[in-house]
1. Tell me yes or no: at least one residue of the stretch 27-45 is out of contact with any strand residue (DSSP E or B) (no Cβ under 9 Å at 6 or more places or on another chain) and of a type in the set (S, T, N, Q).
2. Can you name the residue in the stretch 99-117 that is among the small types (Gly, Ala, Ser) and closer than 16 Å to Gly130 by Cα and is also surrounded by the most Cβ atoms within 10 Å (Cβ to Cβ) among such residues?
3. Taking the stretch 103-120, which residues are farther than 16 Å from Tyr143 by Cα, in contact (Cβ under 8 Å) with a residue 24 or more places away in the chain and not in a loop (DSSP other than H, G, I, E, B)?
4. Can you name the residue in the stretch 188-200 that is touching a residue at least 24 places away in the same chain (Cβ under 8 Å) and buried (at least 17 other Cβ atoms within 10 Å of the Cβ) and is also nearest to the chain's Cα centre (by Cα) among such residues?
5. Filter the stretch 135-151 down to residues that are within 12 Å of Thr109 (Cβ to Cβ) and either surrounded by 18 or more Cβ atoms within 10 Å (Cβ to Cβ) or charged (D, E, K, R) (or both), then give me how many there are.
6. Residue under question is Thr6, and the condition is that it be modelled with pLDDT of 95 or more, assigned to a loop (DSSP other than H, G, I, E, B) and over 18 Å from Tyr143 (Cβ atoms); does it hold?
7. Output the residues belonging to the stretch 121-130 that are part of a loop (DSSP other than H, G, I, E, B) and loosely packed, with under 14 Cβ neighbours inside 10 Å.
8. Would you please name the residue that is farthest from Cys175 (Cα to Cα), looking only at residues in the stretch 202-236 that are surrounded by fewer than 12 Cβ atoms within 10 Å (Cβ to Cβ) and at pLDDT 50 or above?
Amino acid sequence: VYPGQTSITYSVPEIANATSYTWTLPTGATGTSSTNSITVDYSMTAVSGDITVRGVNSYGEGAVSTQAITVNQFPAAAGIISGPDTVCQGDTVIYSVPEIALATSYYWTLPGTGSDVTETNSITVIYGMGMSSGNLSVKGSNYCGRGTASFKPITVNPLPVAVGIISASKLGTVCQGESVVYTVPDFPNATSYIWTLPDGATGTSSTNSITVNFSTTAVSGELPFEESILVVKEKH
C-alpha cells in the first residue's frame, strides 16, 4: 500500500466460537471493527507493520493471525537543480538534480511550455525560438506517486530579429577614396552589431551605424546584413 491510500478491506474466515474480533493495525493506519472484516485508511505518515486479528468470546481471546503490511513511501523531495539559469534561444543545455531517494523515474517540466518530460535525474533542454522564460522543475516518481518538486527560474533571452534595410549617406556607386556612412534600423533584442566590409574598405563599429573608408584598392563586394552588391569605381 502507499501513504494516503484509503478504504482497503481486510478479512479473515469466520473463527469458530468467536463472538467478536480484535484487530490491531500498523502505526498511521486507522479502522475499527468487531467482525471478521475491517476497512483500513492509511495516513500520509503510515509506516510498515503488521495487521493482526484474533477471535474473542466470554472465555477469552484465541490465537492471533498476522498479516505483514508494507507501506511504500513517496519519493523524497527533489534537491537543487544544477545548470545555467540564463540562456539564449537556440542554446542546448544539460540540467541535473541529485538522485532522489525512492524515485524510480523523474518528471521534468520545461520553462514556458508546461510540458512534462519523463527522464532520468539529468535532462538536455533545447531552447527553441518559441521558448520563453519560466520555471524548470523536477520531481521524483514511483509506484506511490510523485514527490515534492524542485524549481529553477530560467530566463530565456530572445535572439535579435531579422535585420532591416541598410541606408547610406551616399546612394548608389561609390568611388575609391570616398568615405560613406551606412546605418541599419535598431534591431530589437540586439546588444551589439557585427559589420563586414568589401575588400579594401575599412571601418569598425559595434552600433547600428558605421563609417566606411574606401581605399584606392577597394573593390566591389557585398555590404553586411543584405545581399545587394556594392559597386566601387576607380577615382580618376
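The values are calculated or read from the model by the stated rules, or taken from the named source; none is laboratory data. Computed from a predicted model, the values in this text were never measured in an experiment. Don't worry about glycine lacking a Cβ; one is built from the backbone with ideal geometry, like all the others, and counts go over all protein chains shown.
1. yes
2. Narrowing the stretch 99-117 to residues among the small types (Gly, Ala, Ser): 101, 103, 105, 112, 114-115.
Of the ones still in play, those that are also closer than 16 Å to Gly130 by Cα are 112, 114-115.
Numbers: Gly112: 16, Gly114: 9, Ser115: 9.
Looking at the filtered set, the residue picked out is Gly112.
3. Passing the criteria: Trp108, Thr109.
4. Trp195
5. 6
6. On the way: modelled with pLDDT of 95 or more: yes; assigned to a loop (DSSP other than H, G, I, E, B): yes; over 18 Å from Tyr143 (Cβ atoms): no.
No, not satisfied.
7. Within the stretch 121-130, Gly128, Met129, Gly130 qualify.
8. Only one residue fits best here, namely Ser206.
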